[in-house]
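**Q** Please read through the structure below; I'll follow up with questions.
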Amino acid sequence: MTTDSPQIHDLKSSLSERRVTLSTESYTRDGREIMHAAGQGLIGLSGLVDWITRGLPAVVVVIGIASATLLARELDTRANQRAAAEFQLETERVTALLSLQADRLEQLLRGTAAFLATDSTVTAGAFHNYVDSLDLVERFPGVRALAFNRRMRPADETALRRQLVSDPTRAELSYPAFEVWPETEQKVRFPAILVEPQLGNSQVFGYDIWSDPDRRAAAWQALATGRLQATAPVVLSQDAGQSRVSQVLVMPVIRLASLAETGAASVPQFIGFITSGVSVDAMVSGAPAADLFRRTGLSVYDAGPLDVPEAQRPPAQPLALFDATAKAEGAPEHTSEITFAGRRWVLSFNGEEAFHTPVQEALTYGTFLGGSALSLLLALLIQRLTSERRRLRAQVAVRAAELRGVNAELRHRLEEMNAAIHAKSQFLASVSHELRTPLNAIIGFSEMLQSEVFGALGSAKNREYVDDIHAAGGRLLSQVNQLLDLSRIEAGGRELQDQPVDVAAALYRCRQLVTHMSHGAGPAAERAKVHVEVPPDKPMLRADADSIDQILLNLASNAVKFSPPGALVRLVADYDDDGGIRLRVIDQGPGIPADHQAKITEPFYQVADQHSRATEGSGLGLTIVDRLARAHGARLLTDSVLGQGTSISVHFPSDRTIRETRDTAHLATG
């Protein structure tokens, strides 16, 4: 809700009184003669006006609905573009996550193969402990089990059986009796002698992967390349009778035989395969980003091995490895491809619809319905006004001449107000240049003095003075800019530049500026003493550094200005109960009456007492502090007792405190 300024309110009151006077005077005349003259003057236009006004409501409805439709379509187009961009970004993220998961699975099997290669007689207990340490369920979702398929030639079967029987840990872990299945005519067999975890995987014990053509082909490929190889999509023996599709990962186990074993240098010795059945559905569903996979409508298809030429590659398998989309028809909205254990995976995404939020749809439909309804209401209003116009048309003609004078006066007053507003805008635009020019001269000449362009400065004290002139000029220039920014804050155009602010450094910087500013106030004994108090573990404050400096400088300047000679002004930083930082400026001045404390932040407001008149200022210092504090979400509080002094504090919220322990013992007090 907006309120009229005092000038606008006075203008409206004046015009209202004029209207009442003119209305009273008009009814004292011979109304019938005036009505007759007005009617004669307008009779030629009445037909045209009636025709236009009758069709105007329909025109408004058509234009309004058309505009609402165009706006709704534009909003819908932008929403679709945003959703498409977000969908594209998420599909790229899903592709990267699945590629990473495939790499982790290869690392898992490669590490297990290395573990088995260290000892040709790894016991069931050692294998159980190793797999248990991997935490397959949490770290590798979808991995059903890890199995060691030992190479077994007919001549090796008896020795292998003796080795397994001699392993006491197999009985301790309730391993079943070793039986190779299914029966085949293959001379070399690869039965599973170690399987972990056992729960739900008892069917795997003794299974010969060489008996299955798909597994045998993958094993040959893995042995030839030395890399992890996956089979075509299969149904595991554990999932017999179910529709779950998996892939079996195969990694060769190559052991370097020692000199003692071979009588020669170490040579690679192939001892079997490490295999693992992976349920892609479980791998994706159990991943940390499973919700993202479903949201993007991910479907995973096996598109065959990598070594097949592109022209000979079969189409993607119709049976998906994973399908999270509800769409049954239509082409995928996005596809990508990754490598999974020597095979091509095609990732299909059909979830863009999930990125269209109900709020966006409601906004689109609401814009159309709201615009159409507004057009209808406007048409009804026009119709009503038109009817009313017909009734008042004669009276309007009578009053037109009298109202012209009122309108002329109104235009004159409005032009004056617009001129005043324009003058204010021009002032704000030019004051920056007018104030910055002399300040830039001060800063420029002080820099030349620092550089000793005009000759040596002499003593260190002279250099200190020049440095102080340069620092004060720079600070004043910054505050001029901040004062201009204040107008932008009130207009909503000022943006804070949040950065870490060293509270202790800001307080000492303020003390230095205030101390130098007071050098001309009289003898040193009569100047106010400025004391800084900071906790030794003072944290940083996330805020606009220039605004913090201006807040402190305005408060400290007021405190020094209103303090008696030799009084103490304290600049204090401490914590609120909620962990927020509180900046306080405490003086020993005359104090502020209780009935004035609520008004001191109003622009140009000054407490009317003898001391304030003696040190009269602009009345904007606390106003600027209040506005800058509010811009940071901080509160400005005043605690004052007449004759004892005043404490003004700025309380920053805890979310602006940077929790960081720093060595500031040298800044504790001073």
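**Q** So how do GLU86, GLU495 line up by other beta-carbon neighbours within 10 Å, fewest first?
**A** Ascending Cβ contact count within 10 Å gives the list GLU495, GLU86.
**Q** Across all directions of projection, what mean area in square nanometres is found for the Cα convex hull of segment 53-93?
**A** Directional mean of the projected Cα hull area for segment 53-93 stands at 2.3 nm².
**Q** Check LEU256: other-chain or 5+ apart residues with amide H under 5 Å from its amide H, H built from backbone geometry?
**A** Correct list: GLN269.
**Q** Taking segment 110-265 as the region of interest, what is the percent of Cα-Cα pairs per 10 angstrom bin, listed from the shortest bin to the one with the maximum distance?
**A** Cα pair-distance distribution for segment 110-265, in percent: 10, 38, 40, 11, 1, 0.
**Q** Let me check I have the definition right: for segment 202-252, take the eigenvalues of the Cα gyration tensor, multiply each by 5, take square roots. What are those semi-axes in whole Å, largest first?
**A** Listed largest to smallest, the semi-axes of segment 202-252 are 20, 12, 9 Å.
**Q** Over all alpha-carbon pairs of segment 533-583, lay out the pair-distance distribution in 10 Å bins, whole %, shortest bin first.
**A** With 10 Å bins starting at 0, P(r) equals 21, 46, 28, 5.
**Q** Pairs LYS561/LYS599; LYS538/LYS561; LYS461/LYS561: which are spaced more than 23 Å apart, C-alpha to C-alpha?
**A** Pairs exceeding 23 Å: LYS538/LYS561; LYS461/LYS561.
**Q** Here's a follow-up. Going by average Cβ density within 10 Å per residue, which order do the peptides 190-203, 633-646 take, highest to lowest?
**A** Descending packing order for the listed peptides: 190-203, 633-646.
**Q** Also: If you plug each phi of segment 456-465 into the Karplus form 6.51 cos²θ - 1.76 cosθ + 1.60 with θ = phi - 60°, what whole-Hz ³J(HN,Hα) values come out, in order, with x for Gly and Pro?
**A** 5, 7, x, 6, 5, 5, 4, 5, 4, 4
Every number here is computed from the coordinates shown, using simple stated rules; none is lab data. These numbers were taken from a predicted model, which means no experiment stands behind them. Using ideal geometry, Cβ is built from the backbone for each residue, glycine included, and neighbour counts are taken over all protein chains shown.
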